[in-house]
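Enquirer: Got a structure for you, questions after.
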Amino acid sequence: MTELKLGKAVETPASPEVAELDRVPNPHADTNYVTRFVAPEFTSLCPVTGQPDFAHLVIDFVPDQWLVESKSLKLYLTSFRNHGAFHEDCTVAIGRKLVEVISPRWLRIGGYWYPRGGIPIDVFWQTGEPPRGVWIPEQGVAPYRGRG
């Protein structure tokens, strides 16, 4: 792994394939707790039309030895802006990349995508059951209602 991006001027990665996530030691590795990251303005490109797609992402995880450094996560998520992929691919790929880098005890990601062709698509992925006794709050994103 390279030097942390934290505290440095860095360019936005050209694609998710070249983006790097930084990890930092968890100072409370002996405790089960939930960390939540919310990206309400996530964007990627439709792989068919090249038009932008927008999502509200909610990432919850119970860390083990590592935390993801938030600046690197922002850069990683921003790298999707010129990346063409379906909603399901983006959502699951982000979850899997986080698991690969930080090996959490548990992780879930909710991708609440705005309508494409008039149909909102929500995508959910998790690694399995959360540890017993951990409070997992609802993700708090209402279903898309349009003008309804």
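The values are calculated or read from the model by the stated rules, or taken from the named source; none is laboratory data. Because the structure is predicted, anything quoted here is derived from the model rather than measured. Glycine also receives a Cβ, built like all others from the backbone with ideal geometry; neighbour counts cover every protein chain displayed. What goes into the accessible areas is simple: the full protein's heavy atoms, side chains included, and nothing from ligands, DNA or RNA. Shrake-Rupley method; radii C 1.70, N 1.55, O 1.52, S 1.80 Å.
Enquirer: Across region 108-130, what is the number of residues that are surrounded by 14 or more Cβ atoms within 10 Å (Cβ to Cβ) and over 18 Å from residue 96 (Cα atoms)? Spell out the reasoning first.
Expert: Of the residues in region 108-130, the ones surrounded by 14 or more Cβ atoms within 10 Å (Cβ to Cβ) are 108-114, 116, 120-127, 130.
Cutting the leftovers down to over 18 Å from residue 96 (Cα atoms) gives us 113-114, 116, 120-121.
The total comes to 5.
Enquirer: Also, I was wondering about something else. Select from region 38-50 the residues that are over 20 Å from residue 100 (Cα atoms), assigned to a strand (DSSP E or B) and open to solvent by 60 Å² or more (accessible area, probe 1.4 Å) and list them in ascending order.
Expert: 40, 41
Enquirer: Next question, about the same structure. Show the residue pairs that are 6+ apart or on different chains and have beta-carbon atoms under 8 Å apart, the first residue being within region 103-127 and farther than 26 Å from residue 146 by Cα and among the acidic types (Asp, Glu), the second being modelled with pLDDT of 95 or more and not in a strand (DSSP E or B).
Expert: Pairs found: none.
Enquirer: For region 25-37, give me the residue count where each residue is in a strand (DSSP E or B), of a type outside the set (Phe, Trp, Tyr) and surrounded by 15 or more Cβ atoms within 10 Å (Cβ to Cβ). Write out each step before concluding.
Expert: Of all residues in region 25-37, those in a strand (DSSP E or B) come to 25, 35-37.
Then drop every residue that is not of a type outside the set (Phe, Trp, Tyr), which leaves 25, 35-36.
Within this subset, residues satisfying the condition of being surrounded by 15 or more Cβ atoms within 10 Å (Cβ to Cβ) are 35.
Of the residues in that region, 1 qualify.
Enquirer: Okay, next question. Output the residues belonging to region 51-78 that are closer than 15 Å to residue 21 by Cβ and under 12 Å from the mean Cα position of the chain (by Cα).
Expert: 57, 59, 61, 68, 70, 72, 73, 74, 75, 76, 77, 78, listed by residue number.
Enquirer: With respect to the numbered conditions (1) over 15 Å from residue 24 (Cβ atoms); (2) open to solvent by 20 Å² or more (accessible area, probe 1.4 Å); (3) part of a strand (DSSP E or B); (4) of a type outside the set (Val, Ile, Thr), which one is the sole condition not fulfilled by residue 67?
Expert: Checking residue 67 against (1) over 15 Å from residue 24 (Cβ atoms); (2) open to solvent by 20 Å² or more (accessible area, probe 1.4 Å); (3) part of a strand (DSSP E or B); (4) of a type outside the set (Val, Ile, Thr), the one that fails is (1).
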